[in-house]
């Protein structure tokens, strides 16, 4: 069940690093907030009407120590947050491969109206609205769209990344332990947006291999003609699986949005260079 606190219960190294970053940023910002609220109540109590011991200084204009404090403390916090943001932005770059002794599993992701297509090019299978992952092994998602711009997001595993037509964005994630994690669209894309959800199931390596073997025994084939039917706007009540994926299908999906003028110019340039 997806809730507001799901992101605070990470199940992968990237999600854990992002939660740590949020906690650190919140802690530094609370330094100012706590001091301000403390002073608010302190002044209200100290300078209440019934306190005759409080000094009345109507002509007081300048306090060097006070001004130094309320300028230096926020400045230091901003500098620390800036350094933290700089380093974490590079460390958590979605395109940065996750260090591991295992090669990453490549999953090609296509955002459709209103469903998610997952192609496993090495395994030769595909699924719709269901994502199987081997726990403990990095996964390299190559995300695109054949629909309005969307956003691919598995909160417990980490970063979201945008899916755009004719473009490929890379996202590297890992699930540290077996489990089922909610996946969703994080960018409004029309009438079926609310149903554009999927389960990302992290399986033990042998269970993942068994899942691939099971899917491979079915008869459904995903070629470009079948894909065009799948890509029509609509939602699905249950996941769909394909045992065989036509070679180069993902590239063919991307090629729909190539500029024919640019392609013709590139071909002409190649021909001129050849001669």
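Within region 87-101, restricting attention to residues that are farther than 11 Å from residue 14 by Cα and free of Cβ contacts under 8 Å to residues at least 12 places away in the same chain, the residue that is surrounded by the fewest Cβ atoms within 10 Å (Cβ to Cβ) is 101. Of all residues in region 106-129, those satisfying the criterion of being out of contact with any helix residue (DSSP H, G or I) (no Cβ under 8 Å at 6 or more places or on another chain) and crowded, with 19+ Cβ neighbours inside 10 Å are 107, 109, 111, 113, 116, 118, 126, 129. Residue 152 satisfies every condition listed in (1) under 18 Å from the mean Cα position of the chain (by Cα); (2) surrounded by fewer than 22 Cβ atoms within 10 Å (Cβ to Cβ); (3) in contact (Cβ under 8 Å) with a residue 40 or more places away in the chain; (4) part of a strand (DSSP E or B) except (2).
When you check residue 10 against the structure, is it in a loop (DSSP other than H, G, I, E, B) and either in contact with a strand residue (DSSP E or B) (Cβ under 7 Å, 6 or more places away or on another chain) or in contact (Cβ under 8 Å) with a residue 24 or more places away in the chain (or both), yes or no? Working first, answer last.
Numbers: in a loop (DSSP other than H, G, I, E, B): yes; either in contact with a strand residue (DSSP E or B) (Cβ under 7 Å, 6 or more places away or on another chain) or in contact (Cβ under 8 Å) with a residue 24 or more places away in the chain (or both): yes.
Spelling it out, residue 10 is indeed in a loop (DSSP other than H, G, I, E, B) and either in contact with a strand residue (DSSP E or B) (Cβ under 7 Å, 6 or more places away or on another chain) or in contact (Cβ under 8 Å) with a residue 24 or more places away in the chain (or both).
Taking the numbered list (1) outside any loop (DSSP other than H, G, I, E, B); (2) within 20 Å of residue 174 (Cα to Cα) in turn, residue 79 passes all entries but (2). Looking across 157, 131, 184, 171, one residue alone is touching a residue at least 12 places away in the same chain (Cβ under 8 Å), touching a strand residue (DSSP E or B) at 6+ places or on another chain (Cβ under 8 Å), more than 18 Å from residue 252 (Cβ to Cβ) and part of a loop (DSSP other than H, G, I, E, B). It is 157. As for region 108-118, it holds no residue that is farther than 19 Å from residue 186 by Cα and more than 17 Å from the chain's Cα centre (by Cα). When residue 65 is tested against the conditions (1) assigned to a helix (DSSP H, G or I); (2) in contact with a helix residue (DSSP H, G or I) (Cβ under 7 Å, 6 or more places away or on another chain); (3) modelled with pLDDT under 90, the lone failure is (2).
The values are calculated or read from the model by the stated rules, or taken from the named source; none is laboratory data. Everything numeric in this text was worked out from a predicted model, so none of it was measured. Heads up, the Cβs are rebuilt from the backbone with ideal geometry, glycines too, and the neighbour counts pull from every protein chain shown.
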